[in-house]
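Written out below as structure tokens is the structure these notes cover.
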Amino acid sequence: GLARLSGISDGTGLVQLESVPGNELVYPDKVLLLQDGSFVLKDKRCNVNVQKYSRDGRYVCGFGSGGKVQDICIGEDQSVCILGLGNITRYDSRNGSFLDSLAIPRHNYDEFCRDGHGGYWIFAAAPDFDHYDFDTPFPTLYHFPAGASEPAEELLPRKDYIMNISMITQAADG
């Protein structure tokens, strides 16, 4: 079904987030709203990369224990799903407890979402560089049905690839 933002948000504004020693936000790059009005933040550089806050900014819990988090999404059951390097891990959004983990082939995945049937759609803008020859098209969209550790479908083939600007630039502290 469709979610109406008016049901979970009555406008925009600033919310002061509670600071948690050792888990301060450094570079938040994604926010997801839960049905109860609380929200989940993904941070590229924080010790606990995925954190939940109440609607008024109080820290509720963290998900996982660091490591590379490619993306996050909310499951049909309101679970927090984390795409890591070679796995998808689900947590209970109410308290952060571990639900399950699914091993998937390690790849340069970028983003993902649930498919509405317990599986996942996963997007990869660039190929697996260890096996890419620049002549063979590679799929950019993978469908993993519920419980499947291998994709059932590989779609949207391409030969060129997208390179994130952070891969080709550097910052220097003078």
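The values are calculated or read from the model by the stated rules, or taken from the named source; none is laboratory data. Here the structure is a predicted model, which means the values were calculated and not measured. Cβ sites come from the backbone with ideal geometry, for glycine too, and all protein chains shown count toward neighbours. Just the protein is used for accessible areas: all its heavy atoms, side chains included, with ligands, DNA and RNA removed. Shrake-Rupley method; radii C 1.70, N 1.55, O 1.52, S 1.80 Å.
Pairing each residue of the range 100-120 that is more than 15 Å from residue 138 (Cβ to Cβ) with any residue that is among the acidic types (Asp, Glu) and surrounded by 15 or more Cβ atoms within 10 Å (Cβ to Cβ), provided the two are 6+ apart or on different chains, yields C-beta distances under 9 Å for 111/71; 112/71; 113/71. Each residue in the range 48-57 was checked for being within 11 Å of residue 80 (Cα to Cα) and open to solvent by 20 Å² or more (accessible area, probe 1.4 Å), and 0 pass. The set of residues in the range 31-47 being open to solvent by 30 Å² or more (accessible area, probe 1.4 Å) and over 19 Å from residue 94 (Cα atoms) consists of 44, 45, 47.
When we screen 15, 50 for residues that are under 27 Å from residue 144 (Cα atoms) and touching a Phe, Trp or Tyr at 6+ places or on another chain (Cβ under 9 Å), the only hit is 50. Each residue in the range 79-104 was checked for being in a loop (DSSP other than H, G, I, E, B), open to solvent by less than 40 Å² (accessible area, probe 1.4 Å) and not hydrophobic (A, V, I, L, M, F, W, C), and 5 of them qualify. All of (1) open to solvent by 50 Å² or more (accessible area, probe 1.4 Å); (2) in a loop (DSSP other than H, G, I, E, B) hold for residue 60 with one exception: (2).
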